[in-house]
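Peer 1: Structure provided below as structure tokens; questions to follow.
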Amino acid sequence: MSNALLLVPALGLLVLAFWRVRGRATAGWPALWMSLIFVALSVFGYPAWSWSKSSLGAGLPSDALVVSFADSVGVRALLVASMAASAIACLMPRGFRVDGAGGQHRSSDQPARSVSSEMAWWVAGLSALVFVCWCLGQGPSLLIREVYLDTDGIQILLRATTPGGTLAAMATTATLFLCHDRRPRNVLFVLTVVWFMSLLAIGTRGAVTIPVMAGLMIIARGRHDPMYRRPMFLAGGVLIGVAILTFGWVIEARYGTHGLLFLPRVIFGGKVTAMTDDPSAIARSVRQVVASVAASYPIVDHSVIAGVPMNIQIQNANPLLGSGNSAELERYFPWDWVPLSFAGTWYGAAGILGQLGVFGVFAAVPCMLYRLLDAGPFAPYRHAGTVAALMLAFLSVQYSSRLCWRFFWVLLVACALVSVFNWLVARSSTGAMAEGWTRTMRLFRMHLYRRTWY
């Protein structure tokens with residue numbers, strides 16, 4: 001079957017999934033967004049890469065081999081993955097939300113848009129703990145680093161916090177806008193700034209997620225506040241522009257001496273001056289952002305024909321730290337700093353059925369997280385499932401199997417923890433939904449001294 005014919009059922013399933021999710025209160029939004037990412041990359045990846053590849057915004061050189069939509073085997077891998085995600089979005093049932101007395105309500109009920117101060121303090125504490133572990137993993141090179149990704153810290157902490165650091169920064173940013181208590185908000189603001197500066201200092205694209213998250217939170221808040229809608233939309237757009245500028249800083253940091261001590265040189269260096277003196281520099285930064293994403297198109301295509309054995313990718317699914325194979329086995333030859341794409345290598349090894357199975361599971365887990373978050377005291381964080389689906393889709397088209405599997409296991413653990421807290425809230429005899437988190441902590445302390453739950 002040609003790629004054009006394969007696009008027809010992929011688009012059909014995507015439209016059907018949108019109709020199902022839009023018309024019913026289901027948890028299928030994460031899978032729908034994942035499917036949309038795969039379809040958009042397969043259709044617009046070739047022209048986007050051709051337009052932006054000379055901007056030096058991607059690690060892949062501009063002379064890498066790339067083929068058109070009709071001849072690309074990577075397009076097939078992306079479209080099959082899209083169909084798997086769309087099918088999961090169609091099959092998602094309607095969700096329920098539980099209250100403190102164990103009652104159930106349809107998830108179409110309007111959830112809370114704010115979090116309690118106690119939950120905000122917990123998020124701040126966990127974020128600070130993850131940040132300390134992340135700094136220990138980065139080592140002293142966090143201050144001064146000559147080569148990008150040249151770390152000298154504790155490797156096991158570095159591997160454990162590679163996806164967790166960015167997730168903690170995003171959760172901190174989201175909680176900053178969801179909490180209305182001044183004291184925890186001040187702490188969350190400081191943590192957000194510290195995370196942003198640290199991620200930017202090491203030249204990782206994870207720094208871009210913080211202004212993007214802040215901008216989206218402000219825009220979402222403006223949708224529900226007619227009086228300040230336009231100013232909030234404007235502020236959100238400004239933060240999205242800051243995210244584009246941040247990507248330029250990230251690229252500049254990678255090609256020179258960087259670190260926290262050199263952060264002022266990166267921020268107030270040539271990038272800001274160039275944008276002030278030459279308006280075309282802004283368009284160049286946009287092209288760099290597009291190139292960073294569109295590079296997935298040739299990477300997926302090459303990954304399908306790279307011939308990475310299935311046993312290597314299955315062994316990398318082991319959740320234990322340090323148990324995976326060498327990363328050198330999944331590299332884009334001759335540019336060994338570019339990892340192969342899991343969406344391509346898995347399709348090349350497992351075929352259509354394997355692609356449908358794995359990416360069906362990849363789409364189902366964020367939907368399950370969305371449903372579980374919406375069903376308990378974490379309802380304001382329910383869109384974390386959608387963010388997780390977008391990140392998993394991005395990782396699967398730009399990174400190798402080990403990182404994708406690691407992030408997948410992080411999501412499974414998150415689902416298990418949220419399930420436990422929801423069960424504790426449902427077991428409480430009295431109390432409203434808004435008091436669920438406080439009652440859960442109280443019941444947990446009581447369980448240390450009693451054998452039964454009240």
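The values are calculated or read from the model by the stated rules, or taken from the named source; none is laboratory data. None of these values were measured; they are calculated from a predicted model. Note that each Cβ is placed from the backbone with ideal geometry, even for glycine, and that neighbours are counted across all protein chains shown. Each accessible area value is taken on the protein alone, full model and side chains, heavy atoms only, with ligands, DNA and RNA left out. Shrake-Rupley method; radii C 1.70, N 1.55, O 1.52, S 1.80 Å.
Peer 1: Under a 1.4 Å probe, what is the accessible area of segment 2-76 per residue, stated in Å²?
Peer 2: Spelled out: the 1.4 Å probe surface of segment 2-76, per residue, equals 49 Å².
Peer 1: Taking θ as phi - 60°, what are the ³J(HN,Hα) couplings along segment 311-320 by the Karplus curve (6.51, -1.76, 1.60), each to the nearest whole Hz, with x for Gly and Pro?
Peer 2: For segment 311-320, the Karplus-derived couplings read 5, 5, 6, 6, 4, 5, 6, 4, x, 5 Hz, x marking Gly and Pro.
Peer 1: List the residues, sorted by chain then number, that are 5 or more residues from residue 316 or on another chain and whose placed amide H is less than 5 Å from its amide H.
Peer 2: The answer is 325.
Peer 1: Across segment 351-367, in residue order, what do the Karplus-derived ³J(HN,Hα) couplings come to in whole Hz, using 6.51 cos²θ - 1.76 cosθ + 1.60 with θ = phi - 60° and x for Gly and Pro?
Peer 2: x, 5, 5, x, 5, 4, x, 5, 6, x, 5, 4, 7, 6, 5, x, 5
Peer 1: In units of 2.2 N^0.38 Å, what is the alpha-carbon radius of gyration of the chain?
Peer 2: 0.99
Peer 1: Given H placed on each backbone N at 1.01 Å, which residues far from residue 376 in sequence or on other chains put an amide H within less than 5 Å of it?
Peer 2: HN-HN under 5 Å from residue 376: 98.
Peer 1: How large is the helix-only mean residue ellipticity at 222 nm for the chain, computed as the sum of -39500 (n - 2.57) over DSSP H runs with n ≥ 4, divided by its residue count, in deg cm²/dmol to the nearest 500?
Peer 2: After summing the helix terms and dividing by residue count, I get -22000 deg cm²/dmol.
Peer 1: Run the 1.4 Å probe and let me know the accessible area of residue 121, rounded to the nearest 10 Å².
Peer 2: Counting only protein heavy atoms, the figure is 110 Å².
Peer 1: In whole Hz, what ³J(HN,Hα) sequence does segment 42-48 give by Karplus (6.51, -1.76, 1.60; θ = phi - 60°), x for Gly and Pro?
Peer 2: Working through the residues one at a time gives 5, 8, 9, x, 5, x, 5 Hz.
Peer 1: Which cross-chain or sequence-distant (5 or more) residues have an amide H under 5 Å from the amide H of residue 338, H modelled 1.01 Å from N in plane?
Peer 2: Correct list: 332.
Peer 1: Could you tell me which of 300, 179, 69 has its Cα farthest along the dipole of the chain towards the positive end, charges placed at Cβ (Lys, Arg +1; Asp, Glu -1), taken about the Cα centre?
Peer 2: Towards the positive end, the residue furthest out is 179.
Peer 1: Sticking with this structure for a sec: Tell me, what % of the accessible area of the chain is carbon and sulfur with a 1.4 angstrom probe?
Peer 2: 68 percent
Peer 1: Let me ask you something else. Could you tell me which residue out of 413, 258, 4 lies farthest along the dipole of the chain toward its positive end? Charges go on the beta carbon: Lys and Arg +1, Asp and Glu -1, centred on the Cα centre.
Peer 2: Result: 413.
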